[in-house]
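The values are calculated or read from the model by the stated rules, or taken from the named source; none is laboratory data. Bear in mind that the values here come from a model prediction, so they are computed numbers and not experimental data. Cβ placement follows ideal geometry from the backbone for every residue including glycine, while neighbour counts extend to all protein chains displayed. These area figures cover heavy atoms from the full protein model, side chains too; ligands, DNA and RNA do not enter into them. Shrake-Rupley method; radii C 1.70, N 1.55, O 1.52, S 1.80 Å.
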Amino acid sequence: MRFDEPVRPTDDVQLYIRELRSGSVIASLVALTPLALPFLENANSIIDFATHLRHGFDFLLGRVRNTPELPQHTYQNLCTIVEPVAKDSASQWNVSTVINGDVHNHYHLNSIEANAAQNTARRRIKEVKTPVTGHHDRVVMSLHQARNDARSSAGDRAIIESIHSRPVKLIFATEALKGRLLSSSENPFQSAYVVDVQVETVGGRPALYKVLEIHDTIASPSAEDAA
């Protein structure tokens, strides 16, 4: 795949495929407006596009430490774009950007790397549930960590698996609500709670759970197994 088009800087450059040629998959891109590139909304030039692809696959292949906060559809598109290479053991996926004759970026994946990237992307798709910002009634919440202080929410985190598989920052609408949870005779980390919660998101992923009401306490499956 070779990107060889002169680009003039603008505030809102979007990319479209102009042609696909037979043999090796060779795509020529042109800059057009106003529609956005579906899976890389922040890519405003050909170089940005190739750089986003490189960063995405470097993460999927474990070449970078930082975990990007990517939505499901981005993982899906990264998975799909290398599908032909993953299926053909003799193939390679090559990306280069040539702007006015100057090579700015070059990246390639072989079939084994494409398969590994797909496996990671599919695993991340399973982990990332699509959260809905707003009010959720009677969902099951378990504590991941919490300070033993009803007046403080610093460091409190919880998991609500129906919304997201990972711990999210937790606050309570009132001190009394957290007090009820902490004052229970049951170990709060060996219980789960049926709660009403307000979910706030950043970049399409949950960033804050605000507990509005606690309806019930139930023993977690791990606690019941231990008993």
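Worth pointing out:
- Estimated at the nearest 10 Å², the accessible area of GLU113 is 50 Å² with a 1.4 Å probe.
- Proximal lysines to LYS126, defined as alpha-carbon separation beneath 25 angstrom and excluding residues fewer than eight positions away on the same chain: LYS87, LYS169, LYS210
- Net charge of the neighbourhood of ILE112, taken over other residues with C-beta under 13 Å away and scored Lys/Arg +1, Asp/Glu -1, is -1.
- Peptides ranked, highest mean first, by Cβ atoms within 10 Å: ranges 201-212, 71-82: 71-82, 201-212
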